[in-house]
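Heads up: the structure comes next, in structure tokens.
Read the figures in this text as sums done on the coordinates, not as results from a lab. Since the model is a prediction, treat every value here as computed from it, not as a measurement. Reconstructed Cβ throughout: ideal geometry from the backbone, glycine too, with neighbour counts over all protein chains shown.
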Amino acid sequence: MNNHSSLLFLVPLTIGGKGIESRLCGIRFLRCDNLGNPIGQEQTLRCKIPAHVLPSPAHLMRSRVDPKSLSTGLLENEFYFELAKILTSENLTLITWDLSYLESFESLALRSFLPPTLLNIPKKVIELKNLLSLCHYFSETKLPNFKNLNNNLKALKLKTGAASENPLQDLITLYFYLLKLEPKMCAFVSRDNEQKLQTLDKAYYNQEVQVLINHQGLLKLVLPINKITGDPNLKQNPYYEALTYQDGEIEKIVLNPLLNETLAPLSILTSKRLAKLNLTQDLLHNIQDKLKATAQDSRALTLLQESDTLPLGYSFFKKLSTLDLKYYQEFLIKNPRALTQAPLESSPYFRQFVFLFRATNFLGTFIDQELELYQKIIEARMQKALKAYLKEIELIAGNLDENDEKSQNYLSLLIHYIELQSA
């Protein structure tokens, strides 16, 4: 990194939801130089949650956002552009704990008829969870591989206590700890996004078996067999279909470059590392041969079950009809304020999708009839979501330390919030 590069430590404030409904109420972030010295102050960018959305108590419990503040902040459309400004900086390295939570960036863009390319903006993206998994498998030092950031920090004796008081500082502490302990592995995951894509491309075109540290922190051997480039008019990011060997069976999986899963050549599996993983060269060659043989057997490929974990931009567009897709493309290039209701010939799903986009971002343009319809949608969605909310509250209460006064007080806020919402 040169002297003009910077590190952006980012914590997403997620509120739950799956797929296109994955949402966040903001981000906390801090920009630092390469030595970890802050450039400016820690900041929070807030996103207003629309009235038809009920947050997940479990997600709020993790971020400790005051639920009363969820109705404040930028509208989603505005939030997208402010977020893009934060990520647009020369030689920026974005560092976060778990990139799957940043799927909310993509769903936000798709819901707003904007390019789902926010994670393409930084020059480099580092997921500390994946970096720690890489070090766990290949470091000379025994390192933990927990899914939870706080548990890893406690295992490394970098902190004590249950809840995280300052998650941004936790990210900074872990990153510079790993940088000092394993500089080569940090350099490997710190390659430019473009370099990581080139690694995938090379493995695909040369039909090379690779070592994958996946998003769940598991080590697998994979062989990319197909590159899906998507529709450029829909601003889709490419992804790859790959074969992997799991429990004696060949499976088909998806490699999503946006998740920044670590892909490395087989040469990383030295004899010493193979022994640590309880593997042998013979077993390695056997798996490699099976993957390559299956890739060349068209009949065997057709018998494999397709992966159901498509990247969000692809799974969402599969829900739309041909006519819906045509209108979606047209809306991508329109002024969002100019959008009215979706054409009647589009699907009911797409018509409500456009309606909720307008309700979220331009509620002031609604006529009385539309406001009445929106109120009915709010009531129906709240009634449906209330049961799940109360169930989560019950699970949280059952697992909460009765001596943890801060968490108990926050739980009371969540209970009071739902009482107000359902009044």
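Observations on the structure shown:
- Each principal axis of the Cα cloud of the range 151-210 was evaluated for its coordinate range; sorted largest first, these ranges are 48, 21, 19 Å.
- Residues Thr280 and Tyr205, FRET efficiency given R0 of 41 Å [Cβ-Cβ distance, rounded to 0.05]: 0.90
- Treating each Cα of the range 192-310 as one equal point scatterer and applying the Debye formula with no solvent, the log10 of I(q)/I(0) at q = 0.10, 0.16, 0.21, 0.23 Å⁻¹ comes out as -0.30, -0.78, -1.30, -1.51.
- Near Ser321: Cβ cut-off under 13 Å, other residues only, Lys/Arg at +1 and Asp/Glu at -1. The net charge is +2.
- Note on Arg273 and Gln246: the model spin-label points, each 7 Å out from Cα along the C-beta direction, lie 2.2 nm apart.
- Calculated FRET value between Asn91 and Lys157, using beta carbons and R₀ = 30 Å, to 0.05: 0.35
- Stretching the chain fully between Leu218 and Phe176 yields a gain of 12.8 nm (0.36 nm per residue, less the alpha carbon separation).
- Note on Asn34 and Ser347: their simple-model spin labels are 4.9 nm apart, each label 7 Å out from Cα toward Cβ.
- In terms of packing, defined here as the mean over residues of other Cβ atoms within 10 angstrom, the peptides 198-210, 321-333 line up highest first as 198-210, 321-333.
- Rounded to 5, the percent of DSSP beta bridges in the range 1-190 classed as antiparallel: 60 percent
- Calculated log₁₀ intensity ratio I(q)/I(0) where the Debye formula runs over C-alpha points of the range 1-106, q = 0.11, 0.13, 0.17, 0.19 Å⁻¹: -0.36, -0.49, -0.80, -0.97
- Summing Lys and Arg as +1 and Asp and Glu as -1 over all other residues whose Cβ lies under 14 Å from the Cβ of Lys202 gives a net charge of 0.
- Reduced Cα scattering model of the range 305-423, Debye log10 I(q)/I(0), q = 0.11, 0.18, 0.19 Å⁻¹: -0.62, -1.01, -1.05
- Cross-link partners for Lys235 among the aspartates and glutamates, with Cα-Cα distance under 20 Å and sequence neighbours closer than 8 places in the same chain left out: Glu21, Glu76, Glu78, Glu82, Glu103, Glu106, Glu194, Asp201, Asp324, Glu330.
- C-alpha long axis of helix 193-205 to longest principal axis of the chain, angle in °: 60 degrees
- Residue exposure sequence - Lys48, Lys384, Lys124 - by fewest surrounding Cβ within 10 Å: Lys384, Lys48, Lys124
- Computed label-point distance, nm, for sites Leu332 and Leu301 using a 7 Å Cα→Cβ extension: 2.7 nm
- Fewest neighbouring Cβ atoms within 10 Å first, the residues Cys135, Cys47 line up as Cys135, Cys47.
- Summarised as an ellipsoid, the range 1-190 has semi-axes of 28, 20, 15 Å, derived from the eigenvalues of the Cα gyration tensor scaled by 5 and square-rooted, with the largest first.
- Measuring nothing but alpha carbons in the chain and taking Rh as the Kirkwood radius, the Rg to Rh ratio lands at 0.98.
- Our helix-only sum for the chain, with -39,500 (n - 2.57) per DSSP H run of n ≥ 4 divided by its residues, gives a mean residue ellipticity at 222 nm of -14000 deg cm²/dmol.
- For the chain, share of DSSP beta bridges that run antiparallel, in % to the nearest 5: 80 percent
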